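A.B. asks: So that we are looking at the same thing, I have put the structure below in structure tokens.
The values are calculated or read from the model by the stated rules, or taken from the named source; none is laboratory data. Note that the structure is a prediction, hence the values are computed from the model and not measured. Ideal geometry is used to build each Cβ from the backbone, glycine not excepted, and the neighbour counts take in all protein chains shown.
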């Protein structure tokens, strides 16, 4: 199971201005991001409902005395609140992400950069042990990290600006690293959309959404080299909240919102081998899929050769059959 980047900055019931991430110290980890006290409490109760799972659960909390002060990360035993470890000296804007293998991934920037001509400090990606807080490895990027996607034994890293400005950032990169060691397998020039699903396919290829100021494309990159095997333009307008999924079968599912509120979201079935669009369907309702990307990082749930898509409006789950040459027309 892959995890995508979740950002939050407050969790009142525990500590003021805290970032909360639940790390299950088993093969699969669950990330909890608290957007408000009520939502955070409900999610925490749900995660701790099973005593067998909660017994090995670590709570990682970010605290700081002001918006510009360095951050402190503290690991707590979820059941008792006992402190397991504490570390200081992190930048004042950090992202904490649960990763497979009992790891915590941390990256960040300083919110207030120094005045020109000095540049803001780019902090490395740090992998910590959820149990002890010790550093497992560090990975330095040239530009600030915009997104992390740990999946299986790999970690996809996007850095630099990603196409929201009128001029594309020439330093934007997409990298694939080994999750166990932090060693970079390949690094290529790409402005990847951070508020989107990036997928490591079963064959090891990396599928991502590459953005420019006006267009979005799906790119399939070879597992060993990062070379682009194909590029499939999907929208001539800049949109966020883009989703990828790989059911059993030849096709990759792509879902993305319309360019404006009155345009329906679209579902594409793209042949993973060729990049050819095999089917296009309009999804019911006009509300974009997954407008809260951090809270619901993928609007597509895959089981075997089938998939469920849940448009935001009316909370309607729509079944599709993407395994063949064409996708079934979704019903309302």
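A.B. asks: (1) more than 17 Å from the chain's Cα centre (by Cα); (2) within 19 Å of residue 95 (Cβ to Cβ); (3) modelled with pLDDT under 90: which one isn't true of residue 167, the others all being true?
C.D. replies: (2)
A.B. asks: OK, next. How many residues does the stretch 108-135 hold that are closer than 15 Å to residue 183 by Cα and either surrounded by fewer than 19 Cβ atoms within 10 Å (Cβ to Cβ) or in contact with a helix residue (DSSP H, G or I) (Cβ under 7 Å, 6 or more places away or on another chain) (or both)?
C.D. replies: 2
A.B. asks: Which condition breaks for residue 181 when tested against (1) in contact with a strand residue (DSSP E or B) (Cβ under 8 Å, 6 or more places away or on another chain); (2) outside the structural domain of residue 278 (by TED's automatic domain parsing); (3) closer than 25 Å to residue 281 by Cβ; (4) assigned to a loop (DSSP other than H, G, I, E, B)?
C.D. replies: Against the list (1) in contact with a strand residue (DSSP E or B) (Cβ under 8 Å, 6 or more places away or on another chain); (2) outside the structural domain of residue 278 (by TED's automatic domain parsing); (3) closer than 25 Å to residue 281 by Cβ; (4) assigned to a loop (DSSP other than H, G, I, E, B), residue 181 comes up short only on (3).
A.B. asks: So, one more: With respect to residue 53, determine if the residue is surrounded by 19 or more Cβ atoms within 10 Å (Cβ to Cβ), under 24 Å from residue 150 (Cβ atoms), modelled with pLDDT under 90 and in contact with a strand residue (DSSP E or B) (Cβ under 8 Å, 6 or more places away or on another chain).
C.D. replies: Spelling it out, it is not the case that residue 53 is surrounded by 19 or more Cβ atoms within 10 Å (Cβ to Cβ), under 24 Å from residue 150 (Cβ atoms), modelled with pLDDT under 90 and in contact with a strand residue (DSSP E or B) (Cβ under 8 Å, 6 or more places away or on another chain).
A.B. asks: Please work out if residue 145 is touching a residue at least 12 places away in the same chain (Cβ under 8 Å) and not assigned by TED's automatic domain parsing to the domain that holds residue 182.
C.D. replies: Spelling it out, it is not the case that residue 145 is touching a residue at least 12 places away in the same chain (Cβ under 8 Å) and not assigned by TED's automatic domain parsing to the domain that holds residue 182.
A.B. asks: Scanning for something touching a strand residue (DSSP E or B) at 6+ places or on another chain (Cβ under 9 Å) and at positive phi, does the stretch 212-225 turn up at least one residue?
C.D. replies: no
A.B. asks: Continuing with this model, one more query. Being at pLDDT 65 or above and either farther than 27 Å from residue 147 by Cα or outside the structural domain of residue 149 (by TED's automatic domain parsing) (or both) narrows it down to one of 279, 261, 327, so name that one.
C.D. replies: Only one candidate passes the filter, namely 279.
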